[in-house]
Amino acid sequence: MRSLITKDSEIEFVSSDVRAFEYPELSGIGYATKGFVDRVIALLALLVLAIPMMIIAVVIKLTSPGSVFVKQERVGRYGKPFMFYKFRSMRADAEMLRDQLEELNHHDAPLIFKMRRDPRITGVGGVLRRTSLDELPNLFNVIRGEMSIVGPRPPLPREVAYYTPHHMQRLATYPGITGLWQVRGRSELPFDDMVELDLEYIEQWSLWLDATILVKTPLAVLSGRGAW
């Protein structure tokens, strides 16, 4: 279905093939309202969280060498790539160490790497991950129109290269900072279950569903379930 190429040991996909896929339709006034509400919430959140985010940045800088932010290419709506921002929660050489730890991967999905006790995660990074504070810079992606507050988890290009037509449907909407996957298990979810939750979200989408997920997200984060 997709043309694959190998470059620097990374599997890439030809984005034009991904965008040619016939996605489920999400449009109308309600969906346009979602985009407007997303930006308003993101802007207000950044104003409120500006000082806490600066404190987090300083703590990261003082406690481990490397940049404050991690910048990665992710795949957005209709297969369009974008640059994704997070607070750095791992050592600066984390990607170089990944191959050495591959056999310890606890996730069942192709090329999604998750470890319950990943030695690459810094002390501060562990706290940021458990509380999801590492994802606060995603708010800038929302303002730029690349992400939504609520939606599917944004995949890496090398993950999308392995997608079947069934999996591709999850790219019908903008990826989100939180979603059904966040409030129903996070990293504990098998890949196929995560996809089904994403498709359930797309099929049943409404502003009310977004509001319900937003209300449940703090409780899911505080519970710590699946945060690793």
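Out of everything in region 159-178 that is assigned to a helix (DSSP H, G or I) and open to solvent by 30 Å² or more (accessible area, probe 1.4 Å), what residue ends up being nearest to Lys86 (Cα to Cα)?
Gln169
Which of the residues spanning region 63-75 are open to solvent by 30 Å² or more (accessible area, probe 1.4 Å) and either under 16 Å from Leu139 (Cβ atoms) or in a strand (DSSP E or B) (or both)?
Phe69, Val70, Lys71, Gln72, Glu73
Quickly run through region 140-158 and pick out the residues that are open to solvent by less than 10 Å² (accessible area, probe 1.4 Å) and either of a type outside the set (A, V, I, L, M, F, W, C) or in a helix (DSSP H, G or I) (or both).
Those that are open to solvent by less than 10 Å² (accessible area, probe 1.4 Å) and either of a type outside the set (A, V, I, L, M, F, W, C) or in a helix (DSSP H, G or I) (or both): Asn141, Val142, Ser148, Gly151, Pro152, Pro154, Pro155.
Which residue is modelled with the lowest pLDDT, if the candidates are limited to region 20-38 and must be closer than 15 Å to Asp210 by Cβ and small (Gly, Ala, Ser)?
Here the residue is Gly28.
Here are some residues: Ile41, Ile55, Ile60, Ile11. Which one is of a type outside the set (Ser, Thr, Tyr), open to solvent by 40 Å² or more (accessible area, probe 1.4 Å), farther than 17 Å from Asn141 by Cα and modelled with pLDDT of 95 or more?
The unique qualifying residue is Ile55.
Could you list, in sequence order, the residues of region 179-194 that are buried (at least 21 other Cβ atoms within 10 Å of the Cβ) and under 19 Å from Gly79 (Cα atoms)?
Gly179, Met194
Does Glu200 fit the bill of being under 15 Å from the mean Cα position of the chain (by Cα), open to solvent by 30 Å² or more (accessible area, probe 1.4 Å) and either at pLDDT 90 or above or closer than 18 Å to Ile41 by Cα (or both)? Step through it out loud before you land on a result.
Working: under 15 Å from the mean Cα position of the chain (by Cα): no; open to solvent by 30 Å² or more (accessible area, probe 1.4 Å): yes; either at pLDDT 90 or above or closer than 18 Å to Ile41 by Cα (or both): yes.
When the stated conditions are applied, Glu200 does not pass them.
Residue under question is Glu102, and the condition is that it be of a type outside the set (Phe, Trp, Tyr), at pLDDT below 60 and open to solvent by 50 Å² or more (accessible area, probe 1.4 Å); does it hold?
It is true that Glu102 is of a type outside the set (Phe, Trp, Tyr), at pLDDT below 60 and open to solvent by 50 Å² or more (accessible area, probe 1.4 Å).
State the number of residues belonging to region 126-137 that are in contact with a Lys or Arg (Cβ under 7 Å, 6 or more places away or on another chain) and either outside any helix (DSSP H, G or I) or surrounded by fewer than 22 Cβ atoms within 10 Å (Cβ to Cβ) (or both).
Residues flagged as in contact with a Lys or Arg (Cβ under 7 Å, 6 or more places away or on another chain) and either outside any helix (DSSP H, G or I) or surrounded by fewer than 22 Cβ atoms within 10 Å (Cβ to Cβ) (or both) within region 126-137 amount to 2.
The values are calculated or read from the model by the stated rules, or taken from the named source; none is laboratory data. Note that this is a predicted model, so its numbers are computed, not measured. Here the Cβ is made from the backbone with ideal geometry for all residues, glycine too, and neighbour counts use every protein chain on show. Note: areas computed on protein heavy atoms with side chains; ligands, DNA, RNA excluded. Shrake-Rupley method; radii C 1.70, N 1.55, O 1.52, S 1.80 Å.
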